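The block underneath contains the structure these notes are about, expressed in structure tokens.
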Amino acid sequence: METAFSALVGIFFAVAVYLLLSKHIIRILLGTAILSNAVNLLIFTAGRLTREVPPIIPDHLAVPEETIANPLPQALVLTAIVISFSLFAFLLVLTYRAYQELGTDDTEEMRVAEPVDDGLPPMGY
């Protein structure tokens, strides 16, 4: 099962990089969301996918009797989900405002700080 999830993580990363290299802001936004999901799945898969008992130690024992699930990857993924959702919400609002102000989602047409008639800046010295 970990092999299948590892392949899925690779596919998520490939799709995310493809979308991030696009020149449309909406595709970049979707690439960011897929990249955050790929990282979450990577952390979860790195923490081993096993069916074990929850990490709760009874009161009368100092250590658990049997193997227990590792709670650290689950806590990291939960934190990463919250952070990636807040980043996605921020980028969504930023994209919407940029579209409202500029009227396009093409990054080539969003060059408002650069003069239109001037040539390209020097590429080397």
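The values are calculated or read from the model by the stated rules, or taken from the named source; none is laboratory data. Note that this is a predicted model, so its numbers are computed, not measured. Neighbour counts are summed over all protein chains in view; Cβ atoms, including those assigned to glycine, are modelled from backbone coordinates with ideal geometry. Surface accessibility is based on the protein's heavy atoms, side chains included, excluding ligands, DNA and RNA. Shrake-Rupley method; radii C 1.70, N 1.55, O 1.52, S 1.80 Å.
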* **Debye-sum result for the stretch 1-42 in log10 I(q)/I(0), which assumes one identical scatterer on each alpha carbon, at q = 0.21 Å⁻¹** => -0.57
* Binned Cα-Cα distance frequencies in the chain - 10 Å width, integer % -> 11, 26, 24, 18, 11, 5, 3, 1
* Mind checking the angle between helix 2-20 and the chain's longest principal axis? C-alpha axes, 0 to 90 degrees, to the nearest 10. -> 20
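Nearest 0.05, what FRET efficiency do Leu87 and Ser22 give at R0 = 22 Å with Cβ-Cβ as r? Present the calculation step by step, with values, prior to reporting the outcome.
Values: r = 18 Å, r/R0 = 0.83.
The value I calculate is 0.75.
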* Report, by chain and number, residues whose modeled amide H sits under 5 Å from the one on Ala69, excluding near sequence neighbours (fewer than 5 apart, same chain). => Val53
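So if R0 is 30 Å, what FRET efficiency would Leu120 and Phe13 give, r being the distance between their Cβ atoms, rounded to the nearest 0.05?
On the way: r = 32 Å, r/R0 = 1.08.
Efficiency for this residue pair is about 0.40.
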* Computed FRET efficiency, Cβ-Cβ of Leu94 and Val63, R0 35 Å: what is it to the nearest 0.05? -> 0.10
* Protection proxy ranking, peptides 7-16, 58-67, 86-95, average beta carbon neighbours within 10 Å, highest first -> 7-16, 86-95, 58-67
* Pairing the Cα long axis of helix 25-46 with the longest principal axis of the chain, what angle in degrees results, from 0 to 90 and rounded to the nearest 10? -> 20
* Compactness index (Cα Rg / 2.2 N^0.38 Å), the stretch 62-125 -> 2.20
* Asked: For the chain, which whole-number percentage of the solvent-accessible area (1.4 Å probe, protein heavy atoms only) is attributable to carbon and sulfur atoms?
  -> 67
* To do: Keeping all protein chains in place, calculate the accessible area per residue for the chain (probe 1.4 angstrom), answer in Å².
  => 77
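Using 0.36 nm times the number of residues separating Ala46 and Glu2, minus their current alpha carbon distance, what extension gain do you get? Provide the component values of the computation, followed by the final result.
Working: separation 44, 0.36 × 44 = 15.84 nm, distance 0.87 nm.
Between Ala46 and Glu2, full extension yields an extra 15.0 nm.
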* Structure fact -> Measuring from the longest principal axis of the C-alpha atoms of the chain, the long axis of helix 71-102 (C-alpha) lies at a number of degrees, nearest 10, equal to 20
